Amino acid sequence: MVKIESSIKQIPYAQETVYKNLCDLNHLERLKDKIPADKVGDVSFDQDSISFKVPMAGQVTMKVVNREEPKTIKLETEKSPVPLTFWIQLLPTDENSCKMKLTVKADVSPFLKGMIYKPLQEGLEKIADALALIPYEE
């Protein structure tokens, strides 16, 4: 098992506003143009899932399995070569801002851990950066 966490990102919007935007994955559609096409392709969203294609892994589908308003959204892979769990955690810093941390847990062998740790860490950090920059309007 490998656990990877992003750095904590400050978001200049209220926790509830950010949660309401992120709990419906359709809102992530606006991030499509920030996704590097050479790393991730065929990205699609609906309210409860995200699907994409990655080199060497093929098609990956993640589905929301738990929402704990207004602080946590948990997704798990439905279709993936590696079982993966992904959390978005939100904590208020004051009434108009919050902080966010992303966490990934992957059930992989020690051999695979060495191969996927760095790309997963870099990818998770880029996702966190992109989510921190979204204009979360009410």
(1) in contact with a helix residue (DSSP H, G or I) (Cβ under 9 Å, 6 or more places away or on another chain); (2) modelled with pLDDT of 90 or more; (3) not β-branched (Val, Ile, Thr) all hold for Glu125 apart from (1)
Taking the residues in the range 61-88 that are more than 25 Å from Tyr13 (Cβ to Cβ) and of a type in the set (Lys, Arg) as candidates, determine which candidate is modelled with the highest pLDDT.
Lys63
Working only within the range 97-138, note down all residues that are under 16 Å from the mean Cα position of the chain (by Cα), of a type in the set (S, T, N, Q) and not in a strand (DSSP E or B).
Gln121
Unmet criterion (only one of (1) small (Gly, Ala, Ser); (2) closer than 19 Å to Ala128 by Cβ; (3) out of contact with any Phe, Trp or Tyr (no Cβ under 8 Å at 6 or more places or on another chain)) for Ser97
(3)
Quick one: in the range 82-103, which of the residues that are in contact with a Lys or Arg (Cβ under 7 Å, 6 or more places away or on another chain), open to solvent by less than 30 Å² (accessible area, probe 1.4 Å) and of a type in the set (A, V, I, L, M) is farthest from Gly123 (Cα to Cα)?
Leu90
Over the range 4-29, the set of residues more than 20 Å from Glu69 (Cα to Cα), open to solvent by 20 Å² or more (accessible area, probe 1.4 Å) and either at pLDDT 95 or above or over 14 Å from the mean Cα position of the chain (by Cα) (or both) is Glu5, Ser7
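Restrict the check to the range 59-81 and report whether at least one residue is hydrophobic (A, V, I, L, M, F, W, C), open to solvent by 30 Å² or more (accessible area, probe 1.4 Å), within 15 Å of Gly123 (Cβ to Cβ) and touching a residue at least 24 places away in the same chain (Cβ under 8 Å).
Within the range 59-81, none of the residues are hydrophobic (A, V, I, L, M, F, W, C), open to solvent by 30 Å² or more (accessible area, probe 1.4 Å), within 15 Å of Gly123 (Cβ to Cβ) and touching a residue at least 24 places away in the same chain (Cβ under 8 Å).
The values are calculated or read from the model by the stated rules, or taken from the named source; none is laboratory data. As the structure is a prediction and not an experimental result, all values here were calculated from the model. With ideal geometry, Cβ positions are generated from the backbone for all residues, glycine too; neighbour counts draw on all protein chains shown. What goes into the accessible areas is simple: the full protein's heavy atoms, side chains included, and nothing from ligands, DNA or RNA. Shrake-Rupley method; radii C 1.70, N 1.55, O 1.52, S 1.80 Å.
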